[in-house]
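The values are calculated or read from the model by the stated rules, or taken from the named source; none is laboratory data. A quick note: this is a predicted structure, and the numbers were derived from the prediction, not measured. Quick reminder, even Gly has a Cβ in these numbers, built from the backbone with ideal geometry, and neighbours come from all protein chains shown.
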Amino acid sequence: MSVKLGVPSKGRLMEKTFEWFAQHGVMLSRTGSEREYAGAVAGVEGIDLVLLSAGEIPRELAAGRIHLGVTGTDLIREKLVQWDQKVEEVCALGFGYADLVVAVPQAWVDVDTLDDLDAAASAFRAEHGFRLRIATKYHRLTREYLRHGGVADYQLVDSQGATEGTVKNLTAEAIADITSSGETLRANHLKILNEEPVLRSQATLLRSRTAPRDSQHKRALIALYDALGLDVRNRMVEG
Amino acid sequence: MTIAAQRAEAQRLRSAFEAAGGQPVECSILQPAELFLDLYGEDIRARAYVTQDPGRGEQMLRPDFTLPVVQMHMSQGAETGRYTYSGEVFRRQEDHPERASEYLQVGYEVFDGNDPAAVDAEVFALFSDVLRPFGLRASTGDMGILLAAVRGLETSERRRAALLRHIWRPKRFRALIDRFSGRAPVPPSRAALLATEDPMAGVATMIGLRSAQEIEARIDALRQDAAEPPLSAGQVALIDAVLAVRETCVFALEHLRDISVDMPAIGEAVERFAQRSEAMYRRGVDVASLDFEAAYGRTSMEYYDGFVFGFYAEARPDLPPVATGGRYDALTRRLGSGASAPAVGGVIRPDIICALESRS
């Protein structure tokens, strides 16, 4: 049986992943028609390419249906409970940088820290009769971050896209979202809190700790790790 | 450890609570989520199962019985009441998948404002009696003393309110104490804001529900706070002294009375502790060897605001407490929209009792 390598099936993340592997002498390619999600691997024996939505890769790794996968650390931490028991970070790939940050309207000149956000939330609840709304799709990470930061009197509202627009549309007072340059935030009159971000994320090659493996798998994994020139500490194939 | 054994133990406990005067009550498993969210905040979502009903809105698998029992009691408009219940509660265990996400709770709740010390003692003695066979260690505390200490601090009303709001979050509480006492530096962004004559001058676009007036009101509050003298080292030392009290009830009482000489604001709360100890003694509780910790219940028992207690298996520190309980007068005020009903109660986990018994 082959080692299954899951990579994002479209967009910049797919292109960058293909480039990164190509730089290491491993050629990934899509096969068949433009619309067909099938792929091939050249340069190492015993590896099958599986094209998946980046958001599904954490789940597939955790379930052990793929052995290796490329996705953002943000998705791994958000979607997997006890992620480090299910997957191992083999290698950070140096692209797809994005921070998960909490952002508030630029007009909130009085809010710069989590401390301020908490005080503003308290006053907001007293004034409006409901808890300050923070729009996000990263519920677990954001909740954990705010709990740790001692923020109370807020509520998370789900936003699966165009999160930066929720404040202007009056469906939230603040947001927690992924940003790389902060441009979209600024364009939407938002500013990032002056705190450590919720999470610093980048595209990462991960290994499933749960996928079934035999001696063939191990040989293929070692061959791939050799080709990628990975540091010896990152060459675990067990557990 | 079987479910049948747990149910049998739950039955035994509930019978004991009924014999003590508890009227048996039932509660729906599906509860409106709003009630719990309003009380516990967003954190409850990480600890409870929330589900969506197209007609009824967000529903929650009951994470505890206390809230629905309080609601039931308050809606009946009765003066006093003693209730017992037994059934499953549901808790998500995101960080501890090894812990039970569904388990039985048997509880006893008393609504009776006549003699708080006697009612506290009644509940504690009852739990102590039904749990006697298992050789557990009891811990007690009293959130009322810390609350009184904060209410009595010589500082602005706004600072006292901020501390009270975070009394159940020790880390945040400490950060506020450090800020108010000048031990932690003012963040540079705050200093810059306060140094600016018209901080709103550069604002080009207002978006969102939080208005310019609200922002200005907070800046005003920050200016007033900056003019406030720091919380004195003596006041901080008194709060620390209260938080550090951890000994048997008799010595703790003596110690707290000493502290109250310098901090008269806690005097009444300390005397309530004295009356409770006396009432517990009359009920046969060994007060001389009973542990008391002023900081007990601060992190895990957010709605308790007076007497708090827990029963633990000393030989099994890996297990959660067998029983927990306390006084929650403020909760009834919040749920009763104005009306209140002084209340004390507690719950026992039959699954933990069965886990203890299967080992021994």
Which of the residues spanning the range A:125-156 are surrounded by fewer than 16 Cβ atoms within 10 Å (Cβ to Cβ) and of a type in the set (A, V, I, L, M, F, W, C)? A:Ala126, A:Phe130
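Listed here are the residues, each with its yes/no results for (1) over 23 Å from the mean Cα position of the chain (by Cα); (2) within 7 Å of chain B (Cβ to nearest Cβ); (3) free of Cβ contacts under 8 Å to residues at least 24 places away in the same chain.
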residue: A:Ala121; (1), (2), (3): yes, no, no
residue: A:Thr136; (1), (2), (3): no, no, no
residue: A:Asp158; (1), (2), (3): no, no, yes
residue: A:Val167; (1), (2), (3): yes, yes, no
residue: A:Glu173; (1), (2), (3): yes, yes, no
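From the list B:Val150, B:Val130, B:Val119, B:Val106, pick out the single residue that is closer than 30 Å to B:Glu357 by Cβ and under 20 Å from the mean Cα position of the chain (by Cα).
Numbers: B:Val150 fails: closer than 30 Å to B:Glu357 by Cβ; B:Val130 fails: under 20 Å from the mean Cα position of the chain (by Cα); B:Val119 fails: closer than 30 Å to B:Glu357 by Cβ.
Of the residues listed, the single one that is closer than 30 Å to B:Glu357 by Cβ and under 20 Å from the mean Cα position of the chain (by Cα) is B:Val106.
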For the range B:321-341: of the residues being closer than 15 Å to B:Phe134 by Cα and assigned to a loop (DSSP other than H, G, I, E, B), which is farthest from the chain's Cα centre (by Cα)? B:Val322
Against the conditions (1) among the charged types (D, E, K, R); (2) touching a residue at least 40 places away in the same chain (Cβ under 8 Å); (3) over 20 Å from B:Trp168 (Cβ atoms), where does B:Arg257 fall short? Just the number, please. (2)
Test of understanding: among B:Asp53, B:Asp95, B:Asp43, B:Asp38, which residue is of a type in the set (Asp, Glu), surrounded by fewer than 13 Cβ atoms within 10 Å (Cβ to Cβ) and within 14 Å of chain A (Cβ to nearest Cβ)? B:Asp95
Conditions first: (1) assigned to a loop (DSSP other than H, G, I, E, B); (2) more than 13 Å from A:Asp112 (Cβ to Cβ). B:Pro199 passes all but one, so which condition is the exception? (2)
Condition first: touching a Leu at 6+ places or on another chain (Cβ under 7 Å), within 14 Å of chain B (Cβ to nearest Cβ) and of a type in the set (A, V, I, L, M, F, W, C). Now tell me which residues in the range A:61-112 satisfy that. A:Ala62, A:Val102, A:Ala103, A:Val104, A:Val109, A:Val111
Pick from the range A:71-99, criterion hydrophobic (A, V, I, L, M, F, W, C) and under 9 Å from the mean Cα position of the chain (by Cα), ranking: nearest to A:Leu206 (Cα to Cα): A:Ile76
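Rundown of residues vs (1) farther than 25 Å from B:Ala192 by Cβ; (2) assigned to a helix (DSSP H, G or I); (3) under 19 Å from the mean Cα position of the chain (by Cα), yes/no style:
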{"residue": "A:Arg125", "(1), (2), (3)": "yes, yes, no"}
{"residue": "A:Arg147", "(1), (2), (3)": "yes, yes, no"}
{"residue": "A:Val151", "(1), (2), (3)": "no, no, no"}
{"residue": "A:Glu164", "(1), (2), (3)": "yes, yes, yes"}
{"residue": "A:Leu185", "(1), (2), (3)": "no, yes, yes"}
{"residue": "A:Lys191", "(1), (2), (3)": "no, no, no"}
{"residue": "A:Glu195", "(1), (2), (3)": "no, no, no"}
Every residue in the range B:272-320 that is in contact (Cβ under 8 Å) with a residue 60 or more places away in the chain, part of a loop (DSSP other than H, G, I, E, B) and of a type in the set (S, T, N, Q), please. B:Thr299
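Residues A:Leu170, A:Leu185, A:Leu199, A:Leu206: which one is surrounded by 19 or more Cβ atoms within 10 Å (Cβ to Cβ) and more than 30 Å from A:Lys4 (Cβ to Cβ)?
Values: A:Leu170 fails: surrounded by 19 or more Cβ atoms within 10 Å (Cβ to Cβ); A:Leu199 fails: more than 30 Å from A:Lys4 (Cβ to Cβ); A:Leu206 fails: more than 30 Å from A:Lys4 (Cβ to Cβ).
Step by step, each of A:Leu170, A:Leu185, A:Leu199, A:Leu206 is checked, and only A:Leu185 is surrounded by 19 or more Cβ atoms within 10 Å (Cβ to Cβ) and more than 30 Å from A:Lys4 (Cβ to Cβ).
For B:Glu268, are the conditions met, namely being within 22 Å of the chain's Cα centre (by Cα), part of a helix (DSSP H, G or I) and modelled with pLDDT of 95 or more?
Numbers: within 22 Å of the chain's Cα centre (by Cα): yes; part of a helix (DSSP H, G or I): yes; modelled with pLDDT of 95 or more: yes.
Yes; evaluated as a whole, the condition is true for this residue.
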Failed item, numbered, when A:Gly94 is tested on (1) surrounded by fewer than 22 Cβ atoms within 10 Å (Cβ to Cβ); (2) over 22 Å from A:Asp177 (Cα atoms): (2)
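Conditions tested, residue by residue: (1) aromatic (Phe, Trp, Tyr); (2) within 23 Å of A:Leu230 (Cα to Cα); (3) surrounded by fewer than 20 Cβ atoms within 10 Å (Cβ to Cβ).
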position: A:Leu5; (1), (2), (3): no, yes, no
position: A:Ser9; (1), (2), (3): no, no, yes
position: A:Thr31; (1), (2), (3): no, no, yes
position: A:Gly43; (1), (2), (3): no, yes, yes
position: A:Arg65; (1), (2), (3): no, no, yes
position: A:Thr73; (1), (2), (3): no, yes, no
position: A:Ile76; (1), (2), (3): no, yes, no
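Of the residues that sit in the range A:1-28 and are in a loop (DSSP other than H, G, I, E, B) and within 18 Å of the chain's Cα centre (by Cα), which one is farthest from A:Ala220 (Cα to Cα)? If you could, list the steps in order and put the result at the bottom.
Taking the range A:1-28 and keeping what is in a loop (DSSP other than H, G, I, E, B), we get A:1-2, A:9-10, A:24-26.
Now narrow it down to the ones that are within 18 Å of the chain's Cα centre (by Cα): A:9-10.
Values: A:Ser9: 22, A:Lys10: 25 Å.
Looking at residues that are in a loop (DSSP other than H, G, I, E, B) and within 18 Å of the chain's Cα centre (by Cα), I get A:Lys10.
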Can you tell me which residue in the range A:97-114 is nearest to B:Gly202 (Cα to Cα), limited to those that are of a type outside the set (A, V, I, L, M, F, W, C) and either touching a strand residue (DSSP E or B) at 6+ places or on another chain (Cβ under 8 Å) or crowded, with 23+ Cβ neighbours inside 10 Å (or both)? A:Gln106
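Scan the range A:164-171 and tell me whether some residue there is of a type in the set (Val, Ile, Thr) and in contact with a Phe, Trp or Tyr (Cβ under 9 Å, 6 or more places away or on another chain). I'd like the intermediate steps shown before the answer.
Restricting attention to the range A:164-171, the residues satisfying the condition of being of a type in the set (Val, Ile, Thr) are A:166-167, A:171.
Now restrict to residues that are in contact with a Phe, Trp or Tyr (Cβ under 9 Å, 6 or more places away or on another chain): none.
Among the residues of the range A:164-171, not one is of a type in the set (Val, Ile, Thr) and in contact with a Phe, Trp or Tyr (Cβ under 9 Å, 6 or more places away or on another chain), which makes the answer no.
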Which one of the conditions (1) over 20 Å from B:Arg349 (Cα atoms); (2) in a loop (DSSP other than H, G, I, E, B); (3) acidic (Asp, Glu) does B:Asp38 fail to meet, given that it meets all the rest? (2)
Where residues in the range B:220-252 are part of a helix (DSSP H, G or I) and in contact with a strand residue (DSSP E or B) (Cβ under 8 Å, 6 or more places away or on another chain), which of them is nearest to B:Pro187 (Cα to Cα)? B:Ala252
Only one of B:Ala175, B:Ala244 that is among the hydrophobic types (A, V, I, L, M, F, W, C) and either modelled with pLDDT under 95 or surrounded by 15 or more Cβ atoms within 10 Å (Cβ to Cβ) (or both): B:Ala175
Where the second residue is among the basic types (Lys, Arg) and outside any helix (DSSP H, G or I) and the first is facing chain A (nearest Cβ under 7 Å) and lies in the range B:189-218, which pairs have Cβ atoms under 7 Å and are six or more apart or on separate chains? B:Ile207/A:Lys168
Taking the range B:280-320 and keeping only residues that are at positive phi and surrounded by 21 or more Cβ atoms within 10 Å (Cβ to Cβ), one is left with B:Gly297
